[in-house]
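Data block below; observations after.
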Amino acid sequence: MLEHTDEYREPTVSTEPVFQGKVISLQVDTVTLPGGGTATREIIRHPGAAAVLALIDGKMLVVEQYRKAMEKFQIEIPAGKLDAGEDPMAAAAREL
């Protein structure tokens, strides 16, 4: 197991909300660096997702999904966004 120390943490000085959508939000945080300086961090908040690696007779089950950001279809494992308060196992079963 890795040991973590506080010397590399970046405490938040301020947060500026930039965008609030239905699925994601974007914020820009100003943080204090370990050496004492400051920097900005662009942070995207997302509710989480569940994915399934399904095998049937030794073959992996995949889906073909159109992705607007890529402007093309992509082969993926079944996955989807968690609804508010949804159990990840229930979401995985839904997507499968």
Point to revise | Positions within segment 57-76 being closer than 18 Å to residue 46 by Cβ and open to solvent by less than 60 Å² (accessible area, probe 1.4 Å), in sequence order | key: 76
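May I ask you to list the residues in segment 78-96 that are hydrophobic (A, V, I, L, M, F, W, C), open to solvent by 80 Å² or more (accessible area, probe 1.4 Å) and in a helix (DSSP H, G or I)?
If the condition is that a residue be hydrophobic (A, V, I, L, M, F, W, C), open to solvent by 80 Å² or more (accessible area, probe 1.4 Å) and in a helix (DSSP H, G or I), then 89 is the only one that fits.
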Revision key, fill the gap. For segment 10-45, the count of residues that are touching a Leu at 6+ places or on another chain (Cβ under 8 Å) and open to solvent by less than 60 Å² (accessible area, probe 1.4 Å) equals 2
**Study point:** segment 39-64, residues that are under 18 Å from the mean Cα position of the chain (by Cα) and either farther than 20 Å from residue 22 by Cα or charged (D, E, K, R) (or both)
**Key:** 41, 42, 45, 51, 52, 53
Exercise for review: Select the strands (runs of 3 or more DSSP E) contained entirely in segment 10-77, then report the ones holding at least 1 residues which are at pLDDT below 95 and either acidic (Asp, Glu) or farther than 30 Å from residue 94 by Cα (or both).
Suggested key: none
Practice item. State whether one or more residues within segment 2-9 are surrounded by 10 or more Cβ atoms within 10 Å (Cβ to Cβ), in contact with a His (Cβ under 7 Å, 6 or more places away or on another chain) and outside any strand (DSSP E or B). Key: no
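The values are calculated or read from the model by the stated rules, or taken from the named source; none is laboratory data. Because the structure is a prediction, the values reported are computed rather than measured. Because the Cβ atoms are built from the backbone with ideal geometry, glycine has one as well, and the counts that use them run over all protein chains shown. The protein model used for the area step is the full one, side chains on, heavy atoms only, and it has no ligands, DNA or RNA in it. Shrake-Rupley method; radii C 1.70, N 1.55, O 1.52, S 1.80 Å.
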